[in-house]
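Reading through the structure tokens given below for one structure.
The values are calculated or read from the model by the stated rules, or taken from the named source; none is laboratory data. All figures in this text were calculated on a predicted structure; none of them were measured in a lab. Using ideal geometry, Cβ is built from the backbone for each residue, glycine included, and neighbour counts are taken over all protein chains shown. Areas reflect the complete protein model, heavy atoms only, side chains present, ligands, DNA and RNA absent. Shrake-Rupley method; radii C 1.70, N 1.55, O 1.52, S 1.80 Å.
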Amino acid sequence: MRSVVPVDERVAETPSTATLRFDYPPTAEPGQFVMVWLPGDDELPMSLSYVEGPQKGITVKAMGESSARLVRLRPPDRLGVRGPYGRGFDLSPRRILVVGGGSGAAVLAPAAEAAARAGALVDVALGATTREELLFYERFRAMGARLFPATDDGSFGYRGYVSDVARERLGSESYQAVWTCGPELMMRKVLEEAERRSVASFGSVERVMKCALGMCDACALGPFHVCRDGPVLPGRRLLDLEEFGRAFRNASGRLTPFEVRRAPSGRTGRDRGPGR
Amino acid sequence: MADLTTTVAGVRWRNPLWLASGIWGESGESLRGAYEAGAGAVITKSIGSGPRPGYPNPTVEPLGPVGMLNALGLPNPGIEEYPREIEKAVSAGVPVIGSIFGGSANEFTALARAMSRTGVRAIELNLSCPHAEGFGTEVGSDPHLVERIVRRVRAATTLPVIAKLTPNTSDPGALARAAERGGANAVSAINTVRGLAIEPELRRPVLAHGIGGLSGPAIKPVGLACVWQIYEAIDLPIVGIGGISTATDVVEYLLAGASAVEIGTAVAQDGIEVFGTVAKALSDWMDRHGVGELAELIGAAHPGRRAKRGSPRRTRSVASHRRRRVSVVRGRSPPAML
């Protein structure tokens, strides 16, 4: 049950990321993902960055060969799409801290949008390597969120880790929920800080995906299958897992440590994880 | 409450509903999760000599209620790495069956030796993957090769050996007889049925590997027919596989001659809870039909079973298991209850 659809629109969001919009009517929730097939090439799990209405969107960052090819697609290039799969964010909290690192903002933006529209107050700690890599800054602002940017090079906002900004936020105000997505080490720090302060926390996790149907075990993370139980999982459960933030299963199923690129360039850049 | 225990390959299992190889078998936590969800035994991913990433995506094509097509390409971390995953399940008391695949009798033998040291209760030989060059069906559709591989593995381990056979053959009975001659303790059937999905808009196969294997409800009649033919051909216990998602599916396989079944694709449709749900429904079905134990159903659809081989077969069959257990599973105490 797969649809082949043309790319309707491509928007360059930052120097390294682009949004692809395409017509795909199935109903989706913020935080869910689709399997995107580049015909004749790879099929990748991509969280939806636009979930409402028939026109969906994904926001892609070139992380491996396949995502590099995906990010270069232009109308009317065609994509195979199946899904949506997995569990998204609980949109009920009224006071939310969103913490996005790098392309992690792609999955957080539609969730924050839906929550803000429903009346939630949303603060966004948004991190990137440099000013022009801050993803969806304007989109977050347009939904009425307060922004707390951080860049590795200090070209905009706080100079340093977005997890430090998140810690400061959690110390200054009381939130009902923390949502985060980004490099796993960053997420681990953010979730630890939230749980330490007894704030319900949720992270959107990435793993190697094959079937996306809860069957093949490629995305096994502790007792979870990220494709079915996730990709959004409670911080409280994630923090119990030795491998969270430290290792992922590669395509052969072998537990493999994240290769963390050296600071400063790697601070908010992706760990060399499952992204292809 | 009906008795769901079943004896296969000289081992008594708590129920006949096993997790099929390739499903949830990459991590020890998943194997354990499947057992806790109600499986009678859990079978690992098929493990080979070294790490293997499998084929590129797309590796799976969902086909709706019919089932799905897959060509994962036997991804596995290899026999050196994988025992640490088995350990996580075995140490929690989970009855694990180790699945192995190789390209030759030598490779199967080495893998069986290594697998025997991991704490698994039995070994399943993958002689039937339909889409891996040099493995699976390519070695498993030749009765002589099947016999040779089983015989070599049989000599290399004290564990029960289950030969998993392919449906992609004109004579499943001949393969089953070959496995029996080689000394297998049981056979399982079927693996997926060779299949292909084409994307018409793009004029190309969907799966990166092209050819894949069909699983799910669509193949139940194929599995039933294979189990039926194998039951007619050999005296070993049979583990039925193919399109099982409900208690009546299980009953049909038992009636065709299976002593246990494996469930795989239904996990995608119904979640891992399928094991608990089906176990309960099977017990209810047996109660409703006045069936006290599975043996009353196994092979019962074969015309003339009672006249031709009915209870005598069962007696012979039990005796032959016993012989085999004594002669082959040396020094093992009577079957442990799992």
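Of A:R82, A:R87, all but one fail to be touching a strand residue (DSSP E or B) at 6+ places or on another chain (Cβ under 9 Å), open to solvent by less than 10 Å² (accessible area, probe 1.4 Å) and within 14 Å of chain B (Cβ to nearest Cβ); the exception is A:R82. Examine the range B:30-39 for a residue that is assigned to a loop (DSSP other than H, G, I, E, B) and closer than 30 Å to B:D142 by Cα, and state whether such a residue exists. Looking through the range B:30-39, none of the residues is assigned to a loop (DSSP other than H, G, I, E, B) and closer than 30 Å to B:D142 by Cα. Among the residues of the range B:212-252, those that are in contact with a Leu (Cβ under 6 Å, 6 or more places away or on another chain), of a type in the set (A, V, I, L, M, F, W, C) and either assigned to a loop (DSSP other than H, G, I, E, B) or more than 26 Å from B:N185 (Cβ to Cβ) (or both) comprise B:L214, B:A247.
Please pick out the residue among B:G50, B:G103, B:G67 that is more than 25 Å from A:L221 (Cβ to Cβ), touching a Gly at 6+ places or on another chain (Cβ under 9 Å), touching a residue at least 24 places away in the same chain (Cβ under 8 Å) and open to solvent by 10 Å² or more (accessible area, probe 1.4 Å).
Numbers: B:G50 fails: more than 25 Å from A:L221 (Cβ to Cβ); B:G67 fails: open to solvent by 10 Å² or more (accessible area, probe 1.4 Å).
When all the criteria are applied, what remains is B:G103.
Does B:G310 fit the bill of being more than 26 Å from B:A37 (Cα to Cα), open to solvent by less than 10 Å² (accessible area, probe 1.4 Å), modelled with pLDDT under 75 and over 18 Å from the mean Cα position of the chain (by Cα)?
Working: more than 26 Å from B:A37 (Cα to Cα): yes; open to solvent by less than 10 Å² (accessible area, probe 1.4 Å): yes; modelled with pLDDT under 75: yes; over 18 Å from the mean Cα position of the chain (by Cα): yes.
Yes.
Are any residues in the range A:133-159 more than 17 Å from A:C181 (Cβ to Cβ) and surrounded by fewer than 18 Cβ atoms within 10 Å (Cβ to Cβ), and if so, which ones?
Here is the first cut: in the range A:133-159, the ones more than 17 Å from A:C181 (Cβ to Cβ) are A:138, A:141-142, A:144, A:146, A:151-159.
Listed by number, the residues that qualify are A:E138, A:R141, A:A142, A:G144, A:R146, A:D153, A:G154, A:S155, A:F156, A:Y158, A:R159.
Of the residues that make up the range A:170-183, is at least one under 30 Å from B:K88 (Cα atoms), within 14 Å of another protein chain (Cβ to nearest Cβ) and part of a loop (DSSP other than H, G, I, E, B)? So far as the range A:170-183 goes, no, none of its residues is under 30 Å from B:K88 (Cα atoms), within 14 Å of another protein chain (Cβ to nearest Cβ) and part of a loop (DSSP other than H, G, I, E, B). Being at pLDDT 95 or above, within 14 Å of chain B (Cβ to nearest Cβ) and in contact with a Ser or Thr (Cβ under 9 Å, 6 or more places away or on another chain) is a condition met by at least one residue of the range A:191-210. Among the numbered conditions (1) surrounded by fewer than 22 Cβ atoms within 10 Å (Cβ to Cβ); (2) assigned to a loop (DSSP other than H, G, I, E, B); (3) touching a residue at least 24 places away in the same chain (Cβ under 8 Å), the only one that B:G93 does not meet is (3). Among the residues of this structure, A:R74 does not count as one that is at pLDDT 95 or above, surrounded by 20 or more Cβ atoms within 10 Å (Cβ to Cβ) and closer than 26 Å to B:P56 by Cβ. Within the set B:V161, B:V153, B:V206, B:V120, the sole residue that is within 14 Å of chain A (Cβ to nearest Cβ), open to solvent by less than 20 Å² (accessible area, probe 1.4 Å), over 23 Å from B:S245 (Cβ atoms) and among the hydrophobic types (A, V, I, L, M, F, W, C) turns out to be B:V206. Is it the case that B:T44 is open to solvent by less than 10 Å² (accessible area, probe 1.4 Å) and on the phi < 0 side of the Ramachandran plot? For B:T44, the condition - open to solvent by less than 10 Å² (accessible area, probe 1.4 Å) and on the phi < 0 side of the Ramachandran plot - is met.
In the range A:16-43, how many are more than 27 Å from A:V98 (Cβ to Cβ) and among the hydrophobic types (A, V, I, L, M, F, W, C)?
Step one: list which residues in the range A:16-43 are more than 27 Å from A:V98 (Cβ to Cβ), which gives A:23, A:25, A:37-43.
The next check asks that each one be among the hydrophobic types (A, V, I, L, M, F, W, C); those that pass are A:37-38.
Residues meeting the conditions: 2.
Taken over the range A:3-28, residues that are β-branched (V, I, T), within 24 Å of B:E201 (Cα to Cα) and either outside the structural domain of A:P76 (by TED's automatic domain parsing) or part of a strand (DSSP E or B) (or both) amount to 4. Residues in the range B:183-203 that are within 14 Å of chain A (Cβ to nearest Cβ), in contact with a Gly (Cβ under 8 Å, 6 or more places away or on another chain) and in a strand (DSSP E or B): B:E199 only. For the range B:26-41, the candidate set comprises residues that are open to solvent by less than 20 Å² (accessible area, probe 1.4 Å) and more than 7 Å from chain A (Cβ to nearest Cβ); within that set, the residue that is farthest from A:C219 (Cα to Cα) is B:G40.
Looking only at the range B:262-289, residues that are on the phi < 0 side of the Ramachandran plot and within 14 Å of chain A (Cβ to nearest Cβ) come to 13 in all.
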